[in-house]
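Asker: Pasting in a structure now, in structure tokens, and then I'll have a few things to ask.
Computed from the coordinates by the stated procedures, all read-outs in this text should not be read as laboratory data. For clarity, every value in this text was computed on a predicted model and none was experimentally measured. Positions of Cβ are generated from backbone atoms using ideal geometry, with glycine treated the same way; all protein chains shown enter the neighbour counts.
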Amino acid sequence: MSPTRTNPLMTAWETPFGMPPFDAVLSEDFLPALEQAMVEHAAEVTQILDDPAPPSFDNTVLALERSGRALRRVTSFFYNQILANTDAVLDSTQREIAPRLSAHWSGIITDARLFARVDALFNTVDDLGLDAEARRLLERTHLGMVRAGARLDEAGRGRMSAIMGELAGLAARFTQNVQHDERTIYLPLDSDDDLDGLPAPLIAAAAEAARERGLPHRGVITLSRSLVEPFLTFSRRRDLRARVFELWIRRGEGGGETDNLGIITEILRLRRERAQLLGYDTFADYKLDDSMAKTPDTVRELIMAVWHPALRAAEQERAMLLDAAAAEGHTEPLAPHDWRYFAEKVRAARFDLDEAELKPYFPVDRVVEAAFATANRLFGVTFTPVHGVPVYHPEVRAYEVTDTDGAHVGLFLHDLYARPSKRSGAWASGYRNQERIAGDVRPIIVNVLNLARAPEGQTTLLTLDEARVIFHELGHGLHGLLSDVNYPSLSGTNVARDFVELPSQLMEHWIQSERLLGEFARHVETGEVIPAALLTRLRAAKNFNQGFGTVEFLASAMVDLDMHTTDGPLDDPARLERESLDRLGLPPEIISRHRAPHFAHIFSGDGYSAGYYSYLWSAVLDADAFAAFEETGDLFDPTTAKRLKDVIYSAGGRRPEDEAYRLFRGKMPSVDGLLRVRGFVS
């Protein structure tokens, strides 16, 4: 950096809506900015510790909540860049700074003097006269410090800090190894035979992927799910299906410097030690203690309650696939790389329905319009495109979100398409959370996807599954945008991990409803609404292959749980994974949705570790929550929608999650509703 140039990360952001100054920041700016922000944060905490006045909510808990604002601002910017638009400098910075950031936060949250102040308040909470939200903040702050190791002795706190630093560095390496494989490994397509069976949109997307990477091929199938899954569905070349499937499932397991198996061993070992330092038998016991599920046994019971009916459905699906394979003269055993191909054959034959017929009714802009319209009808928010604001990539679209009175709610960024600089998958994140302790701070939320983009001049067409992903991530986005709390630590998606997927998964139900499809699913060329006969066939096929989808998910959830509950050796994670799946009885034709070497949900950080089941837990909730609308006879019933907004989407973490759900629905649901929705029981 030039000695005369001011680091834009270290100054006020005089940008529209307070957006990060994407157009002014260099990758080299992040390391010095993060270092300076850590120094400033440490000084703010020292002021709290040196305050001679007795501890109070304002001079301790609220002061701690106010501290670190600059660090959170730069950290959010940095990690969003790492995920969505990384480069070599950012990757290097992440490897260096991740352990240091972890040590910084660990040092604060386990500081003995700071904990003494918070603990004194916690033990006299009934005498403090706090309102419900302030009391919740105190309780969550205290619990967070205890779970971080604040009650340990000095040696224990030091060891915990070291563990957290090591884990942060390992998570960064794990993520970068997977990204490296996804960036550099692909299946080339050159001959007409290579393209055999592929629909025109997929051929065009593969050609675009090759052009983006400057590769001299007619097309490439990268390791992005948006290219791999349709290739496995349509390619008549079984040898190529087998090859791309193998590449896909071996991400992070190729040997050499980017192999993740050794990293997984270290992560599991350190997590076990961390839990045992805090008095828990296993990491899953520790992690689930602060969740709705509470215990590994509860999670295991939930998984198995769904596993058996899902497995029966998958076995019925397998029988249909074998018949379809035999009709094509396929004599070899059905393999995992065959499942999607023959499932599509069965779908077409049994329901007179194929993906190529459906996709023209789901042009990407129309799906986005439908998602925004759903949010408007439910919650009264409007998404209006804005221009002239800085964004981190030219493809990113920015929208101002306003309420029914036209008042500013927040800013929403949409980043839809796959590119080499982006991590695979789909996610929601924030550059700024809603809060009120520093004025009326409005959120800046981003949804990131990895859709396969059509070539320039052509319209990107989506599968119904891809349309669901757009609605899913917008559900997370709305959870952040609609947040209406005082404290940033309770804002938006700062809720239990097995509750956070409720607002997102619930949104998926609307794109599958015939009412919304009848309004928004229009043919990309003719503009005609999707025919009623096609909707009928779509409804009939709704639950086809649900057994497969549920089984592959549950397999990953069980591997996650087993890896974090075992008390045995951890030096061979591939063996742990294999033994877990053998105990479960996973059919040989299906593999788990995420194999351990690229299971970013649980090894790229602590977020979903011992918690991948959360999607299933939330699915039980979302099936019941959508039924609340169905029972009224109006999928946009205003009274139900207002209650949903008030107690779930806008309430953040201001109350316990089970209490929030009961306020919405009156009771907690059973698994029966989910089984009915997926067609496992009548």
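Asker: Over the residues of segment 131-262, compute the C-alpha Rg and express it relative to 2.2 N^0.38 Å.
Answerer: Expressed relative to 2.2 N^0.38 Å, the Cα Rg reads 1.65.
Asker: If one takes the longest principal axis of the Cα atoms in the chain, at what angle in degrees, from 0 to 90 and to the nearest 10, does the Cα axis of helix 296-327 lie?
Answerer: 20 degrees
Asker: What is the Cα convex hull volume of the chain when expressed per residue in Å³?
Answerer: Spelled out: Cα convex hull of the chain, divided by residues, is 167 Å³.
Asker: Multiply the residue separation of H387 and D58 by 0.36 nm, subtract the distance between their alpha-carbon atoms, and state the gained length in nm to one decimal.
Answerer: 114.4 nm
Asker: Please give, to one decimal in nm, the separation of the simple spin-label points placed at T298 and L143, each 7 Å out from Cα toward the Cβ.
Answerer: It works out to 1.1 nm between the two label points.
Asker: Could you work out how far apart the two model spin labels at R213 and R243 are, taking each label as a point 7 Å from the Cα in the direction of the beta carbon, and quote it in nm?
Answerer: With each label point 7 Å from Cα toward Cβ, the separation is 1.3 nm.
Asker: On to the next question. Which whole-angstrom value gives the distance between the alpha carbon centres of segment 1-72 and segment 608-676?
Answerer: One Cα centre to the other: 37 Å.
Asker: Based on the Kirkwood radius over alpha-carbon pairs, what is the Stokes-Einstein translational diffusion coefficient of segment 185-251 at 25 °C with 0.890 mPa s viscosity, in µm²/s?
Answerer: Stokes-Einstein gives a translational diffusion coefficient of 213 µm²/s.
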